[in-house]
Every structure is written in structure tokens, then in C-alpha cells.
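As C-alpha cells, the structure follows; a few thoughts come after it.
Each reported figure results from applying straightforward, stated rules to the coordinates on display, with no laboratory input. Nothing here was measured: the structure is a model prediction, and the numbers come from that model. Cβ sites come from the backbone with ideal geometry, for glycine too, and all protein chains shown count toward neighbours.
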Amino acid sequence: MEEVYCPKCGKKAPANALFCPDCGTPLNVKSNQPIRIIVVTTPTLPGYHIVKVLGAVHGLTVRTRGVGGKVVVGIEGMFGGEVTAYSSEAEKARRESMQRLIDKAIGMGANAVIAADFETSDILRGTATLFSAYGTAVVVKPAKKVF
């Protein structure tokens, strides 16, 4: 296996590591391998030390309901219960806003996002919904275990 060294601190890292286990710096990865980061809703990340706070990060998307969706929502609304057409679109928008948050955090050099949360707002007189994911982009490193 090829040895991998951190470009920032120079320490040796495991060959399959995406981030330096000492300083948290993203390591060069193959282009077909997605970079993964940790996203948590908590203000801290148990088992890790925050090395650097990079700042606020967000991802958003705006969705409108098409004519077909409005018809389905109207029909489902007559019977009560979950409006599945809207739930499905809301879930897609949530995933999209989260992916945009992750992409921006990676672009900032983060390997984690803490205090992540979602927010929605109706805009354009209720014809569209804004889905926003936001948090704090950070660089973390595993905490050294003390026994």
C-alpha cells in the first residue's frame, strides 16, 4: 500500500484515511471517491477536538408546487392525513439543501459541520418554499484517548 502523508502537518496517515488523524486536514483522495464529512446538530463533536472554526455555512433550495402537485395536494387534502406529494418534495429539498451545505463546507476546507439545522419559509406569497440547511464549518481531529 502507498504511504500517505498530510500536506499540512506532514504526519503519516493510514492509506484509506480521508482526513489527517492528527490535524484534520483533508487528504488527497481519488476523484471517483466522494469526500465525506461529519454533520451533527450538536455544538460539539464527542471524541473530536475542534482545531479550527471556519465559519457559518449554508445550503438552500427553493421549491414551487407545479400544477400536477397542486391537484394531488388538493385531492389528498380532501381526505385528510399526510400530503404525500408535498412530503416527497420536502424530503428531496431537504436532501438537496444538506448536500449544498456539505459541498460548501468541503470547499471551505472543513471536515465537519457542527450545530447543523434546517429552516423552511414560504415565499412568493406562498407559491414557493425556501429550504435552508445551515451550521458551522469546522476542522476537527480525533481526541487522544487518555486511560
Practice item. Please give the contour-minus-distance gain from T44 to A143: 0.36 nm per residue of separation, less the Cα-Cα distance, rounded to one decimal in nm. Key: 34.4 nm
Study note, to complete from the structure: Spelling it out for Y48: with amide H atoms placed in the peptide plane at 1.01 Å from N, the residues 5 or more places away or on another chain with amide H under 5 Å from its amide H are A143
**Study point:** Candidate aspartates and glutamates - alpha carbon under 20 Å from K144, same-chain residues fewer than 8 apart omitted
**Key:** D22
Study note, to complete from the structure: Residues T61, T120 in order from fewest to most other beta-carbon atoms within 10 Å are T120, T61
Check your understanding: Between Y5 and D117, what FRET efficiency follows from the Cβ-Cβ distance if R0 is 41 Å, with the result rounded to 0.05?
Key -> 0.70
**Study point:** Members of K52/K145; K8/K92; K12/K52 lying beyond 27 Å, as alpha-carbon distances in this model show
**Key:** K8/K92
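Counting only other residues whose beta carbon sits under 14 Å from that of D103, what net charge do I get with K and R as +1, D and E as -1?
Result for the local shell: +3.
Count charges around T25 for me, please; just the other residues with Cβ under 11 Å from its Cβ, Lys/Arg as +1, Asp/Glu as -1.
So the environment of T25 carries a net charge of +3.
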